[in-house]
Amino acid sequence: MLTWKDVIGFSVNGNPEPDRRVEKSEAEWQEQLTQEQFRITRLKGTERPHSGALCTTYDEGKYNCVCCDTPLFDSTIKFSSGTGWPSFTQPIRENAIKYEKDTSYGMLRVEVLCNTCDAHLGHVFPDGPEPSGLRYCINSESMVLEKTPK
Ligand SMILES: [Zn+2]
C-alpha cells in the first residue's frame with residue numbers, strides 16, 4: 001500500500017515504469033476527446049466541484065483513463081470525501097499513476113497524472129482515510145467507468 005512518503009518519493013526521485021506508453025500529438029488528442037476532456041487532461045484544467053458524472057457513482061468497476069483506457073482506480077478504493085470530486089485512497093496498481101510536484105497558484109501540491117499517456121488527472125493529498133492516509137482527488141472528466149458486468 002502506498003503512503004504519503006511513497007508519493008513524495010516518486011515526485012522527487014522519479015516514478016515507477018509504466019507497462020506501456022501511449023504518446024499522441026496535441027491535434028490527435030483534440031480529435032479524440034471532447035473539449036472539456038481535452039481542457040482537463042491535456043491542459044491541466046479542473047472541473048467545477050460536484051459537476052462530474054462520476055462524483056456520486058458507486059457502481060462496481062474500474063476507472064480507466066479517458067485518453068488511453070488504462071485502468072487507474074477501482075470502485076473498492078473509492079470513498080465519499082465530500083469535496084465534489086471523485087476520491088480514491090490508492091491507485092489500482094503502483095505503476096498506473098505518475099506524481100509530479102506542482103507549485104502553481106503559490107501552493108505546493110502533488111499532481112497526479114496517467115503514467116501511460118501523461119493525462120492530468122488531479123492531485124493527491126495526505127488527508128485521506130486510514131490506513132493509507134491518501135486522498136486522490138480526481139476529475140470525473142479524466143476517467144471512464146468500466147462497470148463490472150453483473
Ligand atoms: Zn492515460
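The values are calculated or read from the model by the stated rules, or taken from the named source; none is laboratory data. Nothing here was measured: the structure is a model prediction, and the numbers come from that model. Positions of Cβ are generated from backbone atoms using ideal geometry, with glycine treated the same way; all protein chains shown enter the neighbour counts.
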Legend entry - Test: residue 32 is within 12 Å of the ligand (Cβ to nearest atom) and loosely packed, with under 15 Cβ neighbours inside 10 Å: yes
Inset, instruction - Kindly indicate whether any position in region 117-140 is aromatic (Phe, Trp, Tyr) and either crowded, with 23+ Cβ neighbours inside 10 Å or under 8 Å from the mean Cα position of the chain (by Cα) (or both). - result: yes
Inset, instruction - Identify the single condition in (1) over 18 Å from residue 37 (Cβ atoms); (2) in contact with a strand residue (DSSP E or B) (Cβ under 6 Å, 6 or more places away or on another chain) that residue 93 does not satisfy, given that it satisfies every other one. - result: (2)
Inset, instruction - Within region 39-81, track down each residue that is surrounded by fewer than 16 Cβ atoms within 10 Å (Cβ to Cβ), in a loop (DSSP other than H, G, I, E, B), away from the ligand (no atom under 16 Å from the Cβ) and touching a residue at least 40 places away in the same chain (Cβ under 8 Å). - result: 46, 51, 53, 57, 59, 60
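Per-residue answers, yes or no, for (1) modelled with pLDDT of 95 or more; (2) closer than 19 Å to residue 127 by Cβ; (3) in contact with a Leu (Cβ under 6 Å, 6 or more places away or on another chain):
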position: 6; (1), (2), (3): yes, yes, no
position: 21; (1), (2), (3): yes, no, no
position: 32; (1), (2), (3): yes, no, no
position: 49; (1), (2), (3): no, yes, no
position: 65; (1), (2), (3): yes, no, yes
position: 79; (1), (2), (3): no, yes, no
Legend entry - Subset of region 1-29 [surrounded by 13 or more Cβ atoms within 10 Å (Cβ to Cβ), of a type in the set (Val, Ile, Thr) and more than 16 Å from the ligand (Cβ to nearest atom)]: 3, 7, 8
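Conditions tested, residue by residue: (1) small (Gly, Ala, Ser); (2) within 19 Å of residue 75 (Cβ to Cβ); (3) not in a loop (DSSP other than H, G, I, E, B).
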residue: 92; (1), (2), (3): no, yes, no
residue: 98; (1), (2), (3): no, no, yes
residue: 101; (1), (2), (3): no, no, yes
residue: 110; (1), (2), (3): no, no, yes
residue: 113; (1), (2), (3): no, no, yes
residue: 117; (1), (2), (3): no, no, no
residue: 121; (1), (2), (3): no, yes, yes
residue: 124; (1), (2), (3): no, yes, yes
residue: 128; (1), (2), (3): yes, yes, no
Legend entry - Scope region 91-100; condition away from the ligand (no atom under 13 Å from the Cβ) and either crowded, with 18+ Cβ neighbours inside 10 Å or at pLDDT below 95 (or both); matching residues: 99
Legend entry - Residues that are closer than 20 Å to residue 149 by Cβ and touching a Pro at 6+ places or on another chain (Cβ under 7 Å), drawn from region 27-62: 54, 62
Legend entry - Odd one out for residue 14 among (1) in contact (Cβ under 8 Å) with a residue 12 or more places away in the chain; (2) more than 19 Å from residue 133 (Cβ to Cβ): (1)
